[in-house]
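Below is one structure, written out as structure tokens; the observations come after it.
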Amino acid sequence: MINIVGLNKHQLKGFTRSEGFKKFYFAPISELREISHANNPRATDQDILLYLAYDNDELAGYVGILPDDVTLATGEKIHFGWLSTLFVSEKFRGMQVAPQLLFEVEKNYDKNLIVTEFTTSAQRLYRKIGMFQDLTVKKAVRYYFKSNLAELLPFKKEIFENNKPLLKKLDNLINTFIPYLSSGKNHLYKISKSIDPTLEKFISKQKKNPIGRSSAEFRWILDFPWISREKEQPAYLFSSFAKDYEMFWVSVYQNQEIVATMFCSVRNSHLKVLYYFGNVNLIPDLLPKIIRKYKVKMMTIYDDQLNSSINKNHSPKALYKRPLERKYMIHKDFKEKLGKDFDFKFTDGDGDFSFT
Ligand SMILES: CC(C)(COP(=O)(O)OP(=O)(O)OC[C@H]1O[C@@H](n2cnc3c(N)ncnc32)[C@H](O)[C@@H]1OP(=O)(O)O)[C@@H](O)C(=O)NCCC(=O)NCCS
């Protein structure tokens with residue numbers, strides 16, 4: 001008999017340092033995620049942020065939720081949750097633990113749920129239990145600025161997988177001859193790890209998507225990351241550690257005013273533009289500078305407008321590009337509640353993508 005226990009932000013506080021937590025065979029959350037969740041400005045006192053499924057005293061699985069708000073054209077705000085981590089231990093697979101967790105989540109969030117970045121296995125589960133429907137697919141472009149055969153080829157053939165160390169050596173050799181291409185135009189720009197009053201004013205004037213983050217929420221993302229550069233969460237399936245990880249804003253100035261800004265993350269030489277505001281056509285010229293400064297090998301952008309501006313401006317120039325997709329699913333009742341005319345215009349960083 002499975003028993004589900006939910007933790008809100010107060011109950012979650014100190015959970016990863018508790019005696020009970022230390023006894024688990026696998027961690028249902030990392031310490032940094034616990035702290036970050038507890039500080040989410042959009043999480044209410046009632047929101048359950050982590051559901052634990054127990055078989056007697058034994059942890060069988062868990063699901064994490066990231067609460068958020070969506071604003072309708074009428075100005076009405078609807079509170080909802082992103083499914084963020086779902087896991088059932090091998091021993092309990094195929095025993096309906098995941099559906100029981102999801103039925104509990106459904107109750108607490110009044111069926112207002114969205115999910116993205118799921119595994120194919122989770123996608124089949126979501127379809128099977130009939131709770132979620134396909135919502136939308138966001139197209140992305142992944143740009144490569146350095147040779148990365150060791151990562152790209154092994155997916156395709158066993159012969160490459162077996163020769164990964166050799167491919168790494170070949171990559172290093174090739175990369176000594178490949179300069180970072182394209183220099184970018186000379187705009188006055190500033191990189192910052194905090195939001196000063198000028199940037200705050202600029203962000204507040206911009207048109208927002210339905211999720212529409214404010215400076216207070218961007219500060220939360222900057223101040224409470226999920227990825228640690230120091231310590232990996234032991235026995236945790238989801239990301240908790242990266243040797244090299246940074247989040248920062250880059251703002252372009254003209255006549256001492258900000259005219260464009262972007263919020264980026266770089267993780268192990270992989271650049272993501274999570275949000276941008278202002279004149280999109282100034283971003284392509286800025287990217288080569290960031291790519292050189294942070295020794296970026298790969299960049300992923302899910303925004304059609306920014307990708308077409310990069311294409312039009314031929315900046316930054318990539319060695320190789322490939323298309324990617326991000327699928328979204330939504331609770332069928334939530335979709336109905338939002339109405340058929342609702343414009344699901346997600347930004348790259350929405351959901352838990354800003355944190356991973
Ligand atoms: C995906 C996962 C959570 C499913 O958990 P589970 O408790 O074993 O789920 P169950 O097998 O009891 O699933 C219930 C139903 O969904 C179906 N289902 C579950 N996974 C499925 C899959 N990969 N393919 C097809 N059907 C699947 C089951 O057949 C079952 O159907 P039934 O009710 O007709 O028997 C679990 O496999 C897991 O932890 N995987 C690794 C982590 C992961 O991928 N997490 C998702 C991150 S986004």
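A few comments on the model shown:
- Each stretch of four or more DSSP H residues adds -39500 (n - 2.57); spread over every residue of the chain, this sum gives -8000 deg cm²/dmol at 222 nm.
- For the chain, the alpha carbon positions stretch 63, 56, 39 Å along the principal axes, listed from largest to smallest.
- C-alpha center-to-center spacing [the range 49-77, the range 279-350] in angstrom: 26 Å
- Sparse packing (at most 15 other Cβ atoms within 10 Å of the Cβ) combined with a DSSP loop state is found for the following GluC sites (Glu not before Pro) in the range 201-293: E230, E232.
- Loop-exposed chymotrypsin sites (Phe, Trp or Tyr not before Pro) per DSSP, neighbour cap 10 Cβ within 10 angstrom, longest uninterrupted part of the chain: 156-356
- Among S30, S309, S240, residue whose mean-square fluctuation peaks in a GNM of the chain (springs only between Cα atoms under 10 Å): S309
- Toward the positive end of the charge dipole of the chain, with +1 on the Cβ of Lys and Arg and -1 on the Cβ of Asp and Glu, the farthest Cα among Y51, I195, G6 is that of I195.
- Here the range 140-325 is treated as a sphere whose radius is the Kirkwood value from Cα pairs; by Stokes-Einstein at 25 °C and 0.890 mPa s it diffuses with a coefficient of 136 µm²/s.
- What the Cβ-Cβ distance of D134 and N186 gives, at R0 = 41 Å and to the nearest 0.05, is a FRET efficiency of 0.35.
- Charge context of E76, other residues only, Cβ under 13 angstrom, K/R +1, D/E -1: +1
- Remark on Y236: its backbone amide H falls under 5 Å from those of A27, a criterion applied only to residues 5 or more positions apart or on other chains, H modelled at 1.01 Å from N.
Here, each number is a calculation from the coordinates, and none is a lab measurement. Everything numeric in this text was worked out from a predicted model, so none of it was measured. Note: ideal-geometry Cβ built from the backbone for every residue, glycine included; neighbour counts use all protein chains shown.
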